[in-house]
Amino acid sequence: MEDKKGKFLINEIFDKIFEKANLSQKEQDEVNNAINKELIEKPFKVAVIGQSGVGKSTTLNAVFGLKNYTSNLAEGTTDIIEEVFPLRDGFKLSIYDMPGLNNDEEKDIQYAKLYERILPGCDVIVYIINAHSRDFGEDCRILKDIVLPICNTNEIKENLIIAVNKIDTIGENIDPNDPELQWDIINNLPPTKLKEAIKTKLSDITDKLIDEGLLGTSNGLQPHQVVFFSAIKNYNLQDFIRAISKAGNRGWIWPATVGFEQAGRWSDVKLN
């Protein structure tokens, strides 16, 4: 990684710092070697949890730069699929495709044991919720009773992100025949009426998370750990990357290496 073209963004940032800091070449080499060791020798580990149909595959493709990733997790399975993706300059991304719980007491016990084994070793834990679901009480139960306690016990709460996907489809549940509630495909934006409907839905979801103690409490998450997006439309994914960058001790690695390289193709329009 000696030539500038092959450097990670974080190396380029430190090169600029070195120019100002008057460090010796030996000191610069020591810093760069430590950075490269952290990046290359330890895969960036991501656990993705979600019920069937929430868009795990499209999220992984959009946010983590994978191409044509498809979840091979069978419905009702108690397995965990781990795949390691070599990306660039030796950097590796490890994905744990986790089964979503389904209100089956026996399977819940098995899943909880799997979660307890895998989640503590992950740099980022993404729990995906379907934005147009009429009732995500089951997701709240899983988060409150299983996922969040594991995170708190292992002091990895900062690694958890609640990702509300498919905000582009919210209008379809209201009136599928109203063109003002359909996504503007040409501009990749919600029209005004749909934008207001999305705001209302997101407010309802946020209120539910607060009521369930999942957001804004001492044991709950912070606002930046809840993101609203559309993976299939590549919309509002910049908030996702910001949440990853704040995750735990290694969240900075993703945007500093691969994540920000894709940012130019993402919509930067805010709903508020």
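Sorted by packing (mean other beta-carbon atoms within 10 Å per residue), highest first, where do 118-131, 150-163 land?
Descending mean neighbour count gives 118-131, 150-163.
For the pair Ser52 and Arg134, how long in nm is the line joining their label points, each one 7 Å along Cα→Cβ?
Each label point is offset 7 Å from its Cα along the Cβ direction, giving 1.9 nm.
Just to verify a number: FRET efficiency for Asp89 and Glu27, C-beta to C-beta distance, R0 = 22 Å, to 0.05?
Once rounded, the FRET efficiency stands at 0.50.
What FRET efficiency comes out for the pair Ala34/Arg242, r = Cβ-Cβ distance, R0 = 22 Å, nearest 0.05?
Calculated transfer efficiency: 0.30.
Karplus couplings for the range 54-65 from phi (6.51 cos²θ - 1.76 cosθ + 1.60, θ = phi - 60°), rounded to Hz, Gly and Pro as x?
With the stated coefficients, the range 54-65 comes to 7, x, 5, 5, 5, 5, 4, 5, 6, 7, 9, x Hz.
Through the Karplus equation 6.51 cos²θ - 1.76 cosθ + 1.60, θ set to phi - 60°, convert the phi angles of the range 167-179 into ³J(HN,Hα) values in whole Hz; use x for Gly and Pro.
Coupling constants for the range 167-179: 5, 5, 9, 4, x, 5, 6, 7, 7, x, 9, 8, x Hz.
Going by average Cβ neighbours within 10 Å, how do the peptides 224-234, 135-145 rank, with the highest at the top?
With the highest mean Cβ count within 10 Å placed first, the list reads 224-234, 135-145.
What list of ³J(HN,Hα) couplings, whole Hz, do you get for the range 207-213 from phi and the Karplus terms 6.51, -1.76, 1.60, once you set θ to phi - 60° and write x for glycine and proline?
4, 5, 5, 5, 4, 7, x
Give the accessible surface of the range 97-167 per residue, rounded to a whole number of Å², with probe radius 1.4 Å and ligands, DNA and RNA excluded.
40 Å²
In nm, what is the difference between 0.36 nm times the number of residues separating Lys193 and Lys208 and their Cα-Cα distance?
Gain in length upon complete extension: 3.1 nm.
The values are calculated or read from the model by the stated rules, or taken from the named source; none is laboratory data. All figures in this text were calculated on a predicted structure; none of them were measured in a lab. Here Cβ is always computed from backbone atoms with ideal geometry, including for glycine, and neighbour counts include all displayed protein chains. Note: accessible area is taken over every heavy atom of the protein model, side chains too, but ligands, DNA and RNA are not part of it. Shrake-Rupley method; radii C 1.70, N 1.55, O 1.52, S 1.80 Å.
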